[in-house]
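Trainee: To start, I am sharing the structure in question, which I have written as structure tokens.
The values are calculated or read from the model by the stated rules, or taken from the named source; none is laboratory data. Being a predicted model, the structure only gives us computed values, none of them experimental. No Cβ is skipped: glycine too gets one built from the backbone with ideal geometry, and neighbour counts run over all protein chains shown. Protein only, heavy atoms only, side chains kept; ligands, DNA and RNA dropped before computing areas. Shrake-Rupley method; radii C 1.70, N 1.55, O 1.52, S 1.80 Å.
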Amino acid sequence: MASTSGQKASSSPSSPHSYEVFISFRGEDTRKNFTDHLYTTLVAYGIHTFRDDEELEKGGDIASDLLRAIEESKIFIIIFSTNYANSRWCLNELVKIFECTTQKQSTILPIFYHVNPSDVRKQSGSYGDAFVDHEKDADEKKMEVIQKWRTALNQVASLCGLHVDEQYETLVVKEITDDIIRRLNRKPLNVGKNIVGMDFHLEKLKSLMNIELNEVRVVGIYGIGGIGKDKDFVSRMLDEDFYAESGIGVLHDKCLISISGNKLDMHDLLQQMGWEIVRQECPKEPGRRSRLWEQEDIFDVLKRNMGSEKIEGIFLDLSHLEDILDFTTEAFAGMKKLRLLKVYNSKSILGDFGDTFTFNNKVNCRVRFAHEFKFCSDDLRYLYWHGYSLKSLPKDFSPKHLVDLSMPYSHIKKLWKGIKVLKSLKSMDLSHSKCLIETPDFSGITNLERLVLEGCINLPEVHPSLGDLKKLNFLSLKDCKMLRRLPSRIWNFKSLRTLILSGCSKFEEFPENFGNLEMLKELHEDGTVVRALPPSNFSMRNLKKLSFRGCGPASASWLWSKRSSNSICFTVPSSSNLCYLKKLDLSDCNISDGANLGSLGFLSSLEDLNLSGNNFVTLPNMSGLSHLVFLGLENCKRLQALPQFPSSLEDLILRGNNFVTLPNMSGLSHLKTLVLGNCKRLEALPQLPSSIRSLNATDCTSLGTTESLKLLRPWELESLDSDVAFVIPGSRIPDWIRYQSSENVIEADLPLNWSTNCLGFALALVFSSQPPVSHWLWAEVFLDFGTCCCSIETQCFFHLEGDNCVLAHEVDHVLLNYVPVQPSLSPHQVIHIKATFAITSETGYEIKRCGLGLVYVNEEVNCNNVPPPNESTLVLKEISAGEPIECEDMTIECQDQRKPTLRYGIFL
């Protein structure tokens with residue numbers, strides 16, 4: 001049932017959609033929990049939402065106020081809970097909502113709150129029981145009403161929605177809110193220019209700054225810098241004994257830490273202060289401190305068996321280990337309250353060693369386990385051991401409070417024998433354990449949410465009890481090269497959201513009921529040899545990412561149906577099944593013209609599509625994919641013509657193709673990045689839109705440099721407030737860049753009044769490459785104006801194929817940047833400029849020529865007292881209507897005459 005919050009429905013505005021969201025729910029089920037959380041969040045985001053705050057249900061009839069609210073709402077959230085169908089009020093409301101959506105442009109988002117969607121669709125389970133009661137003694141008229149209820153339930157429950165079962169409700173609420181914001185096409189909240197109460201504070205700030213004086217003033221912005229700390233599962237690992245929830249909250253409220261996603265950020269000084277507090281617990285006896293992290297202290301405690309009940313955490317870095325370190329039962333015997341144990345090697349984590357497994361082997365030779373070693377603390381919550389050298393965990397290992405068990409790059413063959421009951425265990429990571437040949441029995445760890453077995457290259461199968469993990473939401477079996485199939489009960493995964501099977505080169509088939517994974521959002525099947533995905537009961541309606549990179553057509557056969565023995569027809573399931581799919585990767589799948597790629601048009605929510613490395617000659621019209629922003633068509637050697645693209649496209653990758661010409665792209669009004677590298681037959685660039693910000697045409701050896709540069713002049717750009725960068729083959733800097741040099745330094749006297757109507761600077765350099773060459777080119781341009789300096793960092797990325805950089809060593813390239821005038825520049829006092837160009841990449845690149853030019857608006861809008869720029873200086877068209885752009889005088893002078901530096905990046 002539903003009503004307004006804080007106002008009567010009759011007082012709502014008289015617009016077509018007075019309410020943006022209408023929530024229909026069963027009060028006794030969700031009023032004080034899920035619905036309240038959802039409503040509060042929606043309102044906090046400024047979304048005009050309709051729900052009830054009072055008991056208005058007085059029977060089955062819907063009041064006229066509610067009828068009007070339904071008719072004037074845009075999006076309906078239906079929360080199907082256990083007792084929803086018991087309420088005639090809710091069912092009548094649902095019928096009215098369903099009728100409204102068929103008559104006008106509205107959207108229904110069903111939420112299945114601790115109920116099975118099929119029970120709602122088929123009126124079985126608790127919904128079936130409710131209809132048994134409704135149909136008792138029902139006359140013909142009432143049976144007609146009941147049939148309308150059944151129809152509405154069936155139709156609405158068949159729509160794309162969310163199943164809330166064992167997930168964290170806060171995450172579900174955030175997901176719903178983000179979806180609503182997307183559907184409403186909301187933009188960031190505009191607080192306006194006149195913020196109430198700010199004038200006083202601004203005036204006080206100005207008086208303190210005393211900007212009339214020719215002195216330096218420093219303005220501090222309140223906030224916190226810091227370093228990232230990985231502390232997922234933090235509160236659950238620390239548990240209530242550490243007062244984790246309240247403690248983290250207090251630190252956050254005092255701005256001592258910040259929280260973003262699953263990451264805590266802590267300032268270095270705060271960390272050091274914490275260390276010092278722990279040291280002061282017992283300065284002379286490390287064994288009586290609560291935490292140990294310094295190698296010397298840990299050595300001392302373990303060698304002398306001085307561990308005590310005070311120790312709650314040990315963090316040992318093995319990377320600097322020189323002496324043999326003994327792990328004995330006696331050394332840990334006194335640590336009855338040990339909760340956190342992390343043994344790692346920082347050098348391996350940072351990637352300093354090519355073969356991490358070999359490195360761990362050498363390091364762990366210095367860690368010697370005693371016979372029958374065991375952990376003496378049953379209170380262990382977090383165990384991380386990078387490169388654990390034993391073949392299994394101790395026999396009596398059974399910490400009942402363990403939350404996270406991570407043993408990457410271990411030598412484990414089998415984690416444990418039999419069944420261990422670890423009800424608190426949420427995450428298990430045995431990634432890159434090359435010796436692992438058998439997974440444990442999962443029957444006793446049914447609360448597991450995350451399982452990572454990536455890189456276990458000798459694992460032939462997963463224990464059948466995997467199907468018991470109903471709370472599992474993340475499963476990675478990436479690069480398990482011996483794995484052929486999954487247990488048949490995998491369809492029991494009611495919470496699974498991410499499944500990664502990439503690199504499982506022998507994986508052949510899915511269980512029959514695999515398609516019933518309704519909550520699955522990401523499926524990665526790159527490089528497998530799967531023959532079929534069961535089409536029966538296919539209902540992955542929440543799938544958002546789907547990847548088949550490097551699979552042949554047979555591997556993606558759930559999407560393909562054969563026309564004949566020599567051709568293949570590409571068939572996407574109906575749009576209702578994949579209505580939320582945003583990313584699809586079919587690159588290197590050997591797709592040819594026998595495929596019916598036109599069915600891609602059913603994927604109405606698609607944002608990212610990669611079709612690179614395939615064999616088709618033509619492509620269907622893609623203009624209907626109105627949300628598409630990325631399209632990859634790299635190395636499609638047989639592709640002869642490009643299709644019509646949607647105007648929403650932002651990134652287009654055409655690297656490595658055989659085009660001679662390209663169609664006019666000026667209509668792609670959102671296109672920002674165009675990659676044409678290694679298109680060796682391309683003779684001319686297409687007409688580009690004003691939105692373009694990055695063009696990479698490296699190794700387009702047939703491209704005429706002079707003609708191409710005409711299309712790259714910044715005057716073609718609609719907006720010059722962003723950095724623009726281009727790379728094309730050639731050894732000549734265009735003539736309109738006035739100041740040029742064969743050295744890496746340019747010095748020039750600027751014309752009088754150069755700054756009036758000046759938009760910025762064009763920077764250019766000609767560079768060559770010699771092997772060995774990096775696939776990144778880093779360059780820096782340092783501009784010295786006398787009164788201030790500006791440093792511009794430029795990055796260029798060159799694609800790698802195998803071990804070779806796709807950049808012809810015999811071909812020079814021109815890099816062209818546009819840099820807008822910075823507000824910190826004092827242009828009226830600048831008459832001289834010095835530009836220093838440098839390539840900061842370690843190897844492979846050399847500057848052969850550089851250039852600098854001034855960029856102006858149209859001459860007609862110049863002030864009368866400003867002489868027109870000479871013929872070698874670039875003149876731009878007016879880029880927008882209105883007043884000409886002027887540079888403000890914001891002089892910055894330092895008492896010690898040193899120059900301030902502005903640093904920002906240009907990405908190409």
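Trainee: Please compute the length gained on full extension between Glu509 and Cys255, using 0.36 nm multiplied by the number of residues separating them and subtracting their Cα-Cα distance.
Mentor: Gain in length upon complete extension: 86.3 nm.
Trainee: Which entries in Lys303/Lys426; Lys470/Lys544; Lys122/Lys174; Lys336/Lys426; Lys471/Lys544; Lys32/Lys231 show an alpha-carbon gap greater than 24 Å?
Mentor: Result: Lys303/Lys426; Lys122/Lys174; Lys32/Lys231 exceed 24 Å.
Trainee: Please give the contour-minus-distance gain from Asn185 to Lys470: 0.36 nm per residue of separation, less the Cα-Cα distance, rounded to one decimal in nm.
Mentor: Working it through step by step, the gained length comes to 99.1 nm.
Trainee: Quick one: if the Förster radius is 22 Å, what FRET efficiency do Asp139 and His114 give, using the C-beta to C-beta distance and rounding to 0.05?
Mentor: That gives a FRET efficiency of 0.05.
Trainee: Moving on. Between Asn447 and Glu747, how many nm apart are label points set 7 Å from Cα along the C-beta direction?
Mentor: Output for this residue pair reads 7.2 nm.
Trainee: Full-extension gain between Lys545 and Thr618, please, as 0.36 nm times their residue separation minus the C-alpha to C-alpha distance.
Mentor: Gain in length upon complete extension: 23.8 nm.
Trainee: Here's a follow-up. Name the residues of region 276-301 whose amide N is less than 15 Å from a point 7 angstrom out from the Cα of Lys342 along the C-beta direction?
Mentor: Answer for this model: 291-295.
Trainee: Now for a different question. In a shell of Cβ-Cβ distance under 10 Å around Ala331, excluding Ala331 itself, what net charge do Lys and Arg (+1) and Asp and Glu (-1) give?
Mentor: It works out to a net charge of 0.
Trainee: Out of residues 5 or more away from Ser406 or on other chains, whose amide H comes under 5 Å of its own, with H placed 1.01 Å from N in the peptide plane?
Mentor: Amide H to amide H, under 5 Å and 5 or more residues apart or across chains, Ser406 pairs with Leu383, Tyr384, Trp385, Asp429.
Trainee: What distance in nm separates the two pseudo spin-label positions at Asp268 and Ser666, each 7 Å out from Cα along the beta-carbon direction?
Mentor: Once both label points are built, they end up 5.3 nm from each other.
Trainee: Further, regarding this structure: At a Förster distance of 30 Å, what's the computed FRET efficiency of Leu67 paired with Glu166, Cβ-Cβ distance as r, to 0.05?
Mentor: Working from the Cβ atoms, E equals 0.25.
Trainee: For the residue pair Lys104 and Val421, what label-to-label distance in nm results when each label sits 7 Å from Cα along the Cα-to-beta-carbon direction?
Mentor: My value for the distance between the label points is 5.8 nm.
Trainee: Still on this structure: Kirkwood Rh, Cα Rg: Rg to Rh for region 582-703?
Mentor: 0.94
Trainee: What ranking of Arg485, Arg381 comes out by heavy-atom accessible area, probe 1.4 Å, highest first?
Mentor: Reading off the accessible areas and sorting them downward yields Arg485, Arg381.
Trainee: Estimate the FRET efficiency between Lys32 and Lys400 by the formula 1/(1 + (r/R0)^6), using the beta-carbon distance for r and 35 Å for R0, to the nearest 0.05.
Mentor: Step by step, r from the Cβ atoms, then E = 0.60.
Trainee: Using a 7 Å offset from Cα along Cα-Cβ at Lys374, what residues in region 399-437 end up with backbone N under 12 Å from the label point?
Mentor: 399
Trainee: Compute the Cα gyration tensor for region 400-548, then decide on rounded, prolate or oblate, letting a ≥ b ≥ c be the square roots of its eigenvalues: rounded whenever a/c is under 1.5, prolate when a/b is larger than b/c in the other cases, and oblate in all that remain.
Mentor: Oblate, since a/c reaches 1.5 and b/c is not below a/b.
Trainee: Can you list residues from other chains, or at least 5 along the same chain, whose modelled amide H is less than 5 Å from the amide H of Asp378?
Mentor: none
Trainee: Also: Express the carbon and sulfur contribution to the solvent-accessible surface of region 582-703 as a percent, rounded to the nearest whole number, probe 1.4 angstrom.
Mentor: That share works out to 44 percent.
Trainee: Cα centroids of region 630-667 and region 103-145: how far apart, whole angstrom?
Mentor: Measuring centre to centre over Cα atoms gives 49 Å.
Trainee: Moving on. Kindly write out, for region 395-403 in residue order, the coupling ³J(HN,Hα) from the Karplus curve 6.51 cos²θ - 1.76 cosθ + 1.60 (θ = phi - 60°), rounded to whole Hz, with x marking Gly and Pro.
Mentor: Ordered by residue, 3J(HN,Hα) equals 4, 9, 5, 7, x, 5, 9, 4, 9 Hz.
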